[in-house]
Amino acid sequence: MNRQAFGDLDLGTLEPLVLGGAIVGSLLWLAAAAFAYALRAPPRPPTGAPTLVLGPEPPAVANFLVNGFEVTDEAAAATVLDLAARNLVDVEQRGPGVFYVRVRPTPDVALAAYERRALAVIERRSRDVAVPVEAVTTGPELASKEWRQAFRAEVVADAQARGLSREALDSRAFGALVLAFGVPGACFWALWGIGPALVAVAVAAALLGWLHTRHPQRETTAGLEAASRWLGVRAELAMNPVFDTHSPLTIELWDRLLAYGAALGVARGASGPLPLRAEADTVEWSNRGGRWREITISYPKLWPPGWGAEPGSAFAVGLVAAGVSGYWLYRSGVDQLDAGPWGWLPLLVAGGAVVVGIAVVVVAASDWATAVEITGPILRLRALGGDKPRYYVAVDDGESTSIQAFRVSASQFESLREGDVVTVRMTERLCRVRWIAPASTAF
(Lines give C-alpha, C1' and ligand atoms only; values in the text may rest on other atoms or scores of the structure.)
Protein backbone atom coordinates (compact mmCIF):
# COMPACT_ATOMS: atom_id res chain seq x y z
CA MET A 1 0.00 0.00 0.00
CA ASN A 2 1.43 3.42 -0.98
CA ARG A 3 1.93 5.96 1.71
CA GLN A 4 -0.34 8.97 1.42
CA ALA A 5 -0.23 12.48 2.78
CA PHE A 6 -3.29 13.90 4.50
CA GLY A 7 -2.95 17.65 4.81
CA ASP A 8 0.42 18.22 6.41
CA LEU A 9 0.41 14.77 8.01
CA ASP A 10 2.63 12.04 6.54
CA LEU A 11 0.89 8.85 7.61
CA GLY A 12 4.03 6.78 7.75
CA THR A 13 3.77 4.21 10.53
CA LEU A 14 0.27 5.50 11.34
CA GLU A 15 -1.11 3.95 8.17
CA PRO A 16 -2.15 0.63 9.81
CA LEU A 17 -3.86 2.61 12.60
CA VAL A 18 -5.75 4.74 10.09
CA LEU A 19 -6.74 1.61 8.15
CA GLY A 20 -8.06 0.07 11.35
CA GLY A 21 -9.98 3.27 12.05
CA ALA A 22 -11.58 3.09 8.59
CA ILE A 23 -12.62 -0.53 9.07
CA VAL A 24 -13.78 -0.24 12.68
CA GLY A 25 -15.45 3.13 12.08
CA SER A 26 -17.35 1.76 9.07
CA LEU A 27 -18.49 -1.30 11.00
CA LEU A 28 -19.62 0.80 13.97
CA TRP A 29 -21.47 3.18 11.65
CA LEU A 30 -23.23 0.26 9.93
CA ALA A 31 -24.17 -1.12 13.34
CA ALA A 32 -25.61 2.29 14.32
CA ALA A 33 -27.59 2.43 11.06
CA ALA A 34 -28.92 -1.11 11.63
CA PHE A 35 -29.87 -0.16 15.21
CA ALA A 36 -31.71 2.92 13.92
CA TYR A 37 -33.54 0.73 11.39
CA ALA A 38 -34.62 -1.77 14.04
CA LEU A 39 -35.42 0.80 16.71
CA ARG A 40 -37.40 3.13 14.50
CA ALA A 41 -39.58 0.52 12.77
CA PRO A 42 -43.06 1.03 14.19
CA PRO A 43 -44.20 -1.75 16.53
CA ARG A 44 -47.27 -3.80 15.68
CA PRO A 45 -50.15 -2.48 17.78
CA PRO A 46 -52.39 -4.95 19.63
CA THR A 47 -55.82 -5.64 18.17
CA GLY A 48 -58.48 -3.82 20.14
CA ALA A 49 -61.85 -5.17 21.17
CA PRO A 50 -64.05 -6.00 18.13
CA THR A 51 -66.37 -3.08 17.46
CA LEU A 52 -68.29 -1.27 14.74
CA VAL A 53 -67.86 2.13 16.39
CA LEU A 54 -65.95 4.29 13.91
CA GLY A 55 -63.32 6.75 15.03
CA PRO A 56 -62.78 10.32 13.78
CA GLU A 57 -60.03 9.39 11.30
CA PRO A 58 -60.94 9.17 7.58
CA PRO A 59 -60.61 5.78 5.86
CA ALA A 60 -57.26 6.64 4.26
CA VAL A 61 -55.75 7.47 7.66
CA ALA A 62 -57.20 4.27 9.12
CA ASN A 63 -55.52 2.40 6.27
CA PHE A 64 -52.22 4.07 7.17
CA LEU A 65 -52.50 3.15 10.84
CA VAL A 66 -53.25 -0.58 10.42
CA ASN A 67 -50.61 -1.19 7.74
CA GLY A 68 -47.44 -0.47 9.67
CA PHE A 69 -47.85 3.31 9.30
CA GLU A 70 -47.72 3.06 5.52
CA VAL A 71 -50.40 4.01 2.98
CA THR A 72 -51.39 1.09 0.72
CA ASP A 73 -53.19 1.08 -2.63
CA GLU A 74 -56.55 0.36 -0.96
CA ALA A 75 -56.57 3.86 0.53
CA ALA A 76 -57.46 5.58 -2.76
CA ALA A 77 -60.38 3.24 -3.53
CA ALA A 78 -61.59 3.55 0.07
CA THR A 79 -61.53 7.34 -0.29
CA VAL A 80 -63.76 7.15 -3.38
CA LEU A 81 -66.19 4.88 -1.52
CA ASP A 82 -66.21 7.33 1.39
CA LEU A 83 -67.02 10.18 -0.99
CA ALA A 84 -69.93 8.08 -2.25
CA ALA A 85 -71.13 7.45 1.30
CA ARG A 86 -71.07 11.21 1.89
CA ASN A 87 -73.21 11.80 -1.25
CA LEU A 88 -70.43 13.49 -3.24
CA VAL A 89 -70.11 10.66 -5.75
CA ASP A 90 -72.74 8.34 -7.23
CA VAL A 91 -71.96 4.67 -7.92
CA GLU A 92 -74.12 2.84 -10.49
CA GLN A 93 -74.15 -0.75 -11.69
CA ARG A 94 -75.10 -1.34 -15.32
CA GLY A 95 -74.41 -5.04 -15.62
CA PRO A 96 -72.56 -7.87 -13.88
CA GLY A 97 -69.31 -6.33 -12.69
CA VAL A 98 -69.95 -3.14 -14.71
CA PHE A 99 -69.81 -0.02 -12.53
CA TYR A 100 -70.09 3.67 -13.35
CA VAL A 101 -69.29 6.67 -11.16
CA ARG A 102 -70.40 10.29 -11.33
CA VAL A 103 -69.64 13.39 -9.30
CA ARG A 104 -72.75 14.90 -7.81
CA PRO A 105 -73.34 18.63 -8.32
CA THR A 106 -73.04 19.66 -4.69
CA PRO A 107 -71.93 22.89 -2.99
CA ASP A 108 -68.37 23.17 -1.79
CA VAL A 109 -67.67 21.02 1.24
CA ALA A 110 -64.62 20.77 3.44
CA LEU A 111 -62.37 17.98 2.16
CA ALA A 112 -58.90 16.81 3.05
CA ALA A 113 -56.27 17.38 0.35
CA TYR A 114 -56.15 13.70 -0.62
CA GLU A 115 -59.97 13.49 -0.74
CA ARG A 116 -60.08 16.45 -3.10
CA ARG A 117 -57.33 14.82 -5.17
CA ALA A 118 -59.38 11.61 -5.56
CA LEU A 119 -62.53 13.59 -6.38
CA ALA A 120 -60.66 15.57 -9.05
CA VAL A 121 -59.74 12.35 -10.88
CA ILE A 122 -63.44 11.49 -11.28
CA GLU A 123 -64.42 15.08 -12.10
CA ARG A 124 -61.85 15.14 -14.91
CA ARG A 125 -63.74 12.36 -16.72
CA SER A 126 -67.33 12.45 -15.51
CA ARG A 127 -68.30 16.07 -16.32
CA ASP A 128 -71.86 15.59 -15.01
CA VAL A 129 -72.25 12.20 -16.73
CA ALA A 130 -71.65 8.71 -15.37
CA VAL A 131 -68.32 7.24 -16.48
CA PRO A 132 -67.11 3.61 -16.40
CA VAL A 133 -64.77 3.03 -13.47
CA GLU A 134 -62.17 1.65 -15.93
CA ALA A 135 -62.04 5.10 -17.55
CA VAL A 136 -61.16 6.79 -14.25
CA THR A 137 -57.37 6.71 -14.26
CA THR A 138 -54.61 8.75 -12.69
CA GLY A 139 -52.78 9.38 -15.97
CA PRO A 140 -49.82 7.78 -17.74
CA GLU A 141 -47.41 5.62 -15.75
CA LEU A 142 -45.09 8.42 -14.61
CA ALA A 143 -47.92 10.86 -13.85
CA SER A 144 -49.80 8.10 -12.00
CA LYS A 145 -46.76 7.34 -9.87
CA GLU A 146 -46.45 11.02 -8.99
CA TRP A 147 -50.18 11.15 -8.21
CA ARG A 148 -49.92 8.22 -5.78
CA GLN A 149 -46.84 9.70 -4.11
CA ALA A 150 -48.67 12.98 -3.61
CA PHE A 151 -51.78 11.18 -2.34
CA ARG A 152 -49.74 9.20 0.19
CA ALA A 153 -47.85 12.29 1.31
CA GLU A 154 -51.14 14.10 1.95
CA VAL A 155 -52.50 11.19 4.00
CA VAL A 156 -49.30 11.12 6.07
CA ALA A 157 -49.51 14.88 6.58
CA ASP A 158 -53.08 14.48 7.87
CA ALA A 159 -51.98 11.72 10.26
CA GLN A 160 -49.15 13.89 11.54
CA ALA A 161 -51.49 16.85 12.00
CA ARG A 162 -53.74 14.59 14.11
CA GLY A 163 -50.75 13.60 16.26
CA LEU A 164 -50.89 9.97 15.11
CA SER A 165 -47.42 9.63 13.58
CA ARG A 166 -44.01 11.28 13.35
CA GLU A 167 -40.93 11.06 11.19
CA ALA A 168 -39.09 7.79 11.80
CA LEU A 169 -35.70 9.34 11.05
CA ASP A 170 -35.94 12.94 12.19
CA SER A 171 -33.42 15.64 11.36
CA ARG A 172 -31.46 15.14 14.60
CA ALA A 173 -31.03 11.39 14.11
CA PHE A 174 -30.21 11.90 10.43
CA GLY A 175 -27.66 14.59 11.29
CA ALA A 176 -26.07 12.38 13.95
CA LEU A 177 -25.59 9.53 11.50
CA VAL A 178 -24.14 11.91 8.91
CA LEU A 179 -21.66 13.34 11.42
CA ALA A 180 -20.79 9.87 12.68
CA PHE A 181 -19.61 8.90 9.21
CA GLY A 182 -17.07 11.71 9.37
CA VAL A 183 -14.52 9.47 11.13
CA PRO A 184 -14.43 6.58 8.61
CA GLY A 185 -14.84 9.11 5.79
CA ALA A 186 -11.73 11.00 6.90
CA CYS A 187 -9.81 7.73 7.15
CA PHE A 188 -10.83 6.80 3.60
CA TRP A 189 -9.61 10.21 2.42
CA ALA A 190 -6.31 9.86 4.24
CA LEU A 191 -5.66 6.39 2.88
CA TRP A 192 -6.92 6.54 -0.71
CA GLY A 193 -7.70 10.15 -1.57
CA ILE A 194 -10.80 12.23 -2.15
CA GLY A 195 -12.33 10.00 -4.89
CA PRO A 196 -12.83 6.82 -2.82
CA ALA A 197 -13.89 8.96 0.16
CA LEU A 198 -16.66 10.57 -1.90
CA VAL A 199 -17.77 7.14 -3.11
CA ALA A 200 -18.00 5.93 0.51
CA VAL A 201 -20.00 9.04 1.47
CA ALA A 202 -22.36 8.47 -1.48
CA VAL A 203 -22.93 4.84 -0.41
CA ALA A 204 -23.65 5.96 3.17
CA ALA A 205 -26.08 8.64 1.93
CA ALA A 206 -27.88 6.06 -0.25
CA LEU A 207 -28.21 3.75 2.75
CA LEU A 208 -29.63 6.57 4.88
CA GLY A 209 -32.09 7.40 2.10
CA TRP A 210 -33.19 3.77 1.95
CA LEU A 211 -33.67 3.73 5.74
CA HIS A 212 -35.90 6.78 5.51
CA THR A 213 -37.88 5.30 2.62
CA ARG A 214 -38.30 1.95 4.35
CA HIS A 215 -39.75 3.45 7.51
CA PRO A 216 -40.67 7.09 6.81
CA GLN A 217 -43.17 7.21 9.68
CA ARG A 218 -43.39 5.72 13.12
CA GLU A 219 -45.94 5.66 15.89
CA THR A 220 -46.99 8.08 18.55
CA THR A 221 -48.87 7.01 21.67
CA ALA A 222 -52.11 8.35 20.18
CA GLY A 223 -51.32 6.65 16.87
CA LEU A 224 -50.87 3.25 18.51
CA GLU A 225 -54.14 3.63 20.39
CA ALA A 226 -55.98 4.60 17.19
CA ALA A 227 -54.36 1.75 15.24
CA SER A 228 -55.43 -0.73 17.94
CA ARG A 229 -58.98 0.59 17.78
CA TRP A 230 -59.10 0.28 13.97
CA LEU A 231 -57.73 -3.24 14.15
CA GLY A 232 -60.71 -4.01 16.38
CA VAL A 233 -63.05 -2.63 13.71
CA ARG A 234 -61.32 -4.80 11.11
CA ALA A 235 -61.70 -7.87 13.32
CA GLU A 236 -65.42 -7.21 13.74
CA LEU A 237 -66.00 -6.69 10.01
CA ALA A 238 -63.98 -9.80 9.18
CA MET A 239 -66.41 -11.88 11.26
CA ASN A 240 -69.06 -11.26 8.60
CA PRO A 241 -68.39 -14.03 6.04
CA VAL A 242 -69.94 -12.12 3.12
CA PHE A 243 -68.76 -8.59 3.87
CA ASP A 244 -65.64 -9.07 1.75
CA THR A 245 -67.80 -9.89 -1.29
CA HIS A 246 -70.04 -6.82 -1.27
CA SER A 247 -69.87 -4.65 -4.38
CA PRO A 248 -69.48 -0.83 -4.42
CA LEU A 249 -73.24 -0.59 -5.02
CA THR A 250 -73.91 -1.67 -1.42
CA ILE A 251 -72.56 1.67 -0.19
CA GLU A 252 -76.21 2.69 0.18
CA LEU A 253 -76.69 -0.16 2.67
CA TRP A 254 -73.43 -0.11 4.60
CA ASP A 255 -72.70 3.63 4.34
CA ARG A 256 -69.19 4.56 5.55
CA LEU A 257 -68.61 1.10 7.04
CA LEU A 258 -68.00 -0.19 3.51
CA ALA A 259 -65.40 2.50 2.87
CA TYR A 260 -63.62 1.69 6.13
CA GLY A 261 -63.81 -2.02 5.32
CA ALA A 262 -62.07 -1.29 2.00
CA ALA A 263 -59.41 0.75 3.77
CA LEU A 264 -58.86 -2.03 6.33
CA GLY A 265 -58.57 -4.72 3.64
CA VAL A 266 -61.77 -6.64 4.41
CA ALA A 267 -64.00 -5.31 1.58
CA ARG A 268 -62.10 -6.30 -1.53
CA GLY A 269 -65.30 -6.77 -3.49
CA ALA A 270 -65.98 -3.05 -3.04
CA SER A 271 -62.45 -1.72 -3.50
CA GLY A 272 -61.45 -3.99 -6.39
CA PRO A 273 -63.55 -2.25 -9.07
CA LEU A 274 -62.25 1.20 -7.99
CA PRO A 275 -58.46 0.95 -8.23
CA LEU A 276 -57.69 4.43 -9.69
CA ARG A 277 -54.94 2.79 -11.72
CA ALA A 278 -52.54 4.23 -14.29
CA GLU A 279 -53.93 4.51 -17.79
CA ALA A 280 -52.85 1.90 -20.34
CA ASP A 281 -51.16 2.96 -23.56
CA THR A 282 -53.33 0.62 -25.62
CA VAL A 283 -56.79 1.00 -24.04
CA GLU A 284 -58.99 4.06 -23.58
CA TRP A 285 -62.67 4.83 -23.04
CA SER A 286 -64.65 7.43 -24.95
CA ASN A 287 -68.28 8.53 -24.91
CA ARG A 288 -68.12 10.39 -28.20
CA GLY A 289 -71.21 9.46 -30.15
CA GLY A 290 -73.40 9.21 -27.06
CA ARG A 291 -72.28 5.90 -25.57
CA TRP A 292 -69.18 4.73 -23.78
CA ARG A 293 -66.86 2.57 -25.86
CA GLU A 294 -63.70 0.72 -24.88
CA ILE A 295 -61.17 1.51 -27.60
CA THR A 296 -58.05 -0.50 -28.39
CA ILE A 297 -55.15 1.60 -29.66
CA SER A 298 -52.18 0.34 -31.67
CA TYR A 299 -48.98 2.17 -32.64
CA PRO A 300 -47.83 0.85 -36.06
CA LYS A 301 -44.08 0.61 -36.59
CA LEU A 302 -43.32 -2.04 -39.23
CA TRP A 303 -46.84 -3.07 -40.14
CA PRO A 304 -48.66 -1.98 -42.16
CA PRO A 305 -45.62 -1.11 -44.35
CA GLY A 306 -45.25 2.59 -45.06
CA TRP A 307 -47.63 3.71 -42.30
CA GLY A 308 -47.33 7.46 -41.85
CA ALA A 309 -44.73 7.82 -44.62
CA GLU A 310 -44.76 10.40 -47.40
CA PRO A 311 -46.26 8.62 -50.48
CA GLY A 312 -43.29 9.62 -52.65
CA SER A 313 -40.77 8.22 -50.15
CA ALA A 314 -42.81 5.04 -49.66
CA PHE A 315 -43.03 4.60 -53.45
CA ALA A 316 -39.25 4.89 -53.81
CA VAL A 317 -38.50 2.52 -50.93
CA GLY A 318 -41.02 -0.06 -52.17
CA LEU A 319 -39.65 0.14 -55.71
CA VAL A 320 -36.05 -0.37 -54.53
CA ALA A 321 -37.04 -3.28 -52.24
CA ALA A 322 -39.01 -5.04 -54.96
CA GLY A 323 -36.37 -4.37 -57.63
CA VAL A 324 -33.34 -5.49 -55.60
CA SER A 325 -35.08 -8.59 -54.25
CA GLY A 326 -36.49 -9.49 -57.65
CA TYR A 327 -33.10 -9.12 -59.33
CA TRP A 328 -31.51 -11.38 -56.69
CA LEU A 329 -34.19 -14.01 -57.24
CA TYR A 330 -33.64 -13.83 -61.01
CA ARG A 331 -29.87 -14.24 -60.72
CA SER A 332 -29.55 -16.60 -57.72
CA GLY A 333 -32.91 -18.20 -57.12
CA VAL A 334 -32.28 -21.46 -58.98
CA ASP A 335 -28.81 -21.90 -57.45
CA GLN A 336 -30.25 -21.25 -54.00
CA LEU A 337 -32.51 -24.30 -54.30
CA ASP A 338 -29.39 -26.49 -54.41
CA ALA A 339 -27.78 -24.80 -51.39
CA GLY A 340 -28.94 -27.38 -48.87
CA PRO A 341 -31.97 -28.04 -46.67
CA TRP A 342 -32.24 -24.36 -45.65
CA GLY A 343 -31.75 -22.96 -49.11
CA TRP A 344 -35.43 -22.07 -49.36
CA LEU A 345 -35.25 -19.60 -46.46
CA PRO A 346 -33.48 -16.75 -48.37
CA LEU A 347 -35.88 -17.37 -51.24
CA LEU A 348 -38.82 -16.95 -48.90
CA VAL A 349 -37.43 -13.70 -47.48
CA ALA A 350 -36.64 -12.27 -50.90
CA GLY A 351 -40.04 -13.31 -52.26
CA GLY A 352 -41.76 -11.64 -49.31
CA ALA A 353 -39.73 -8.46 -49.93
CA VAL A 354 -40.86 -8.43 -53.56
CA VAL A 355 -44.53 -8.84 -52.60
CA VAL A 356 -44.40 -6.20 -49.87
CA GLY A 357 -42.41 -3.81 -52.06
CA ILE A 358 -44.92 -4.08 -54.90
CA ALA A 359 -47.82 -3.61 -52.44
CA VAL A 360 -46.19 -0.47 -51.04
CA VAL A 361 -45.60 0.88 -54.56
CA VAL A 362 -49.24 0.34 -55.50
CA VAL A 363 -50.60 1.84 -52.27
CA ALA A 364 -48.23 4.83 -52.40
CA ALA A 365 -49.02 5.54 -56.05
CA SER A 366 -52.75 5.46 -55.36
CA ASP A 367 -52.31 7.58 -52.22
CA TRP A 368 -50.46 10.45 -53.87
CA ALA A 369 -53.34 12.88 -54.29
CA THR A 370 -55.81 11.59 -51.69
CA ALA A 371 -56.93 13.53 -48.64
CA VAL A 372 -59.31 12.69 -45.79
CA GLU A 373 -60.14 14.44 -42.54
CA ILE A 374 -61.03 13.10 -39.11
CA THR A 375 -62.28 15.26 -36.26
CA GLY A 376 -62.34 14.02 -32.67
CA PRO A 377 -60.71 14.15 -29.26
CA ILE A 378 -57.11 13.07 -28.76
CA LEU A 379 -57.12 9.86 -26.73
CA ARG A 380 -53.38 9.25 -26.52
CA LEU A 381 -50.15 11.12 -27.17
CA ARG A 382 -47.10 8.89 -27.03
CA ALA A 383 -43.41 9.21 -27.92
CA LEU A 384 -42.04 5.69 -28.44
CA GLY A 385 -38.64 4.42 -29.46
CA GLY A 386 -36.06 5.67 -26.94
CA ASP A 387 -33.34 8.03 -28.22
CA LYS A 388 -35.00 8.49 -31.61
CA PRO A 389 -38.68 8.57 -30.68
CA ARG A 390 -41.58 8.07 -33.01
CA TYR A 391 -44.43 10.46 -32.22
CA TYR A 392 -48.01 9.16 -32.25
CA VAL A 393 -51.42 10.75 -31.79
CA ALA A 394 -54.57 8.62 -31.42
CA VAL A 395 -57.82 10.38 -32.37
CA ASP A 396 -61.30 9.01 -31.71
CA ASP A 397 -63.43 8.96 -34.86
CA GLY A 398 -66.61 8.47 -32.83
CA GLU A 399 -67.35 4.95 -34.10
CA SER A 400 -64.42 2.54 -34.03
CA THR A 401 -63.52 0.29 -31.13
CA SER A 402 -60.03 -0.27 -32.54
CA ILE A 403 -57.89 2.55 -33.94
CA GLN A 404 -54.33 3.03 -35.17
CA ALA A 405 -52.41 6.04 -33.90
CA PHE A 406 -51.11 8.46 -36.54
CA ARG A 407 -47.43 9.31 -36.89
CA VAL A 408 -46.73 13.04 -36.52
CA SER A 409 -43.64 15.25 -36.45
CA ALA A 410 -42.00 16.42 -33.23
CA SER A 411 -43.22 19.99 -33.80
CA GLN A 412 -46.79 18.81 -34.33
CA PHE A 413 -46.59 16.58 -31.26
CA GLU A 414 -45.39 19.33 -28.93
CA SER A 415 -48.41 21.53 -29.61
CA LEU A 416 -50.98 18.85 -28.75
CA ARG A 417 -52.65 17.83 -25.48
CA GLU A 418 -54.70 14.76 -24.63
CA GLY A 419 -58.40 15.58 -24.60
CA ASP A 420 -58.10 18.36 -27.21
CA VAL A 421 -60.60 18.10 -30.06
CA VAL A 422 -58.64 18.32 -33.31
CA THR A 423 -59.09 17.88 -37.03
CA VAL A 424 -56.49 15.73 -38.79
CA ARG A 425 -55.96 15.97 -42.53
CA MET A 426 -54.03 13.02 -43.99
CA THR A 427 -53.65 10.76 -46.97
CA GLU A 428 -56.28 8.06 -47.23
CA ARG A 429 -54.22 4.86 -47.21
CA LEU A 430 -50.78 5.51 -45.68
CA CYS A 431 -52.33 8.08 -43.29
CA ARG A 432 -49.55 10.57 -43.78
CA VAL A 433 -50.60 13.55 -41.63
CA ARG A 434 -50.62 16.78 -43.63
CA TRP A 435 -51.73 18.96 -40.76
CA ILE A 436 -53.42 18.70 -37.41
CA ALA A 437 -55.12 21.61 -35.71
CA PRO A 438 -57.78 22.44 -33.11
CA ALA A 439 -61.17 21.69 -34.61
CA SER A 440 -62.34 25.27 -34.28
CA THR A 441 -59.43 26.61 -36.36
CA ALA A 442 -58.80 23.70 -38.73
CA PHE A 443 -58.66 24.68 -42.40
note = PRE zone check, label point 7 Å out along Cα-to-Cβ of Ala153, amide N under 12 Å, scope segment 214-237, hits none
query = Quick one: with all protein chains in place, what share of the accessible area of segment 285-409 is carbon or sulfur, to the nearest percent (1.4 Å probe)?
reply = 63 percent
remark   = Heads up, segment 396-443 by the C-alpha gyration tensor (a ≥ b ≥ c square roots of eigenvalues; a/c under 1.5 rounded, else a/b over b/c prolate, else oblate) looks rounded
inquiry  = For segment 58-100, compute Rg over Rh where Rg is the Cα radius of gyration and Rh is the Kirkwood radius from the inverse mean 1/r over Cα pairs.
reply    = 1.10
request  = Could you order peptides 78-84, 404-410, 137-143 by the average number of other Cβ atoms within 10 Å of their residues, highest first?
outcome  = 78-84, 404-410, 137-143
query = Long-range amide H contacts for Trp435: which residues qualify at under 5 Å (H placed 1.01 Å from N, peptide plane, sequence gap of 5 or more or a different chain)?
reply = Arg425
request  = Work out the FRET efficiency for Thr51 and Arg268 from their Cβ-Cβ distance, taking R0 = 22 Å, and round it to the nearest 0.05.
outcome  = 0.55
note = segment 94-150 accessible area per residue, 1.4 Å probe, protein heavy atoms, integer Å², reads 55 Å²
remark   = A chain fully extended from Arg44 to Gln160 at 0.36 nm per residue, minus the present Cα-Cα distance, gains in nm 39.9 nm
key: Cα-projected label distance for Thr296 with Thr221, points at 7 Å along beta-carbon direction, nm   = 6.2 nm
note = With all protein chains present and a 1.4 Å probe, the order of Tyr392, Tyr327 from largest accessible area down is Tyr327, Tyr392
note = Checking rank on 60-69, 313-322, with mean other Cβ inside 10 Å and highest first, the result is 60-69, 313-322
message = Once you place label points 7 Å from the Cα toward the Cβ at Leu384 and Ala206, how far apart are they in nm?
response = 3.3 nm
query = Could you give the nm distance between label points at Thr282 and Val320, where each point is 7 Å from its Cα heading toward the beta carbon?
reply = 3.2 nm
task = Write down the accessible area per residue of segment 316-435 in Å², having rolled a 1.4 Å probe over the full set of protein chains.
result = 56 Å²
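The values are calculated or read from the model by the stated rules, or taken from the named source; none is laboratory data. Since we're looking at a predicted model, the values are computed, not measured. Glycine gets a Cβ as well: all are built from the backbone with ideal geometry, and neighbour counts include every protein chain shown. Surface areas here come from the heavy atoms of the whole protein model, side chains and all, with no ligands, DNA or RNA. Shrake-Rupley method; radii C 1.70, N 1.55, O 1.52, S 1.80 Å.
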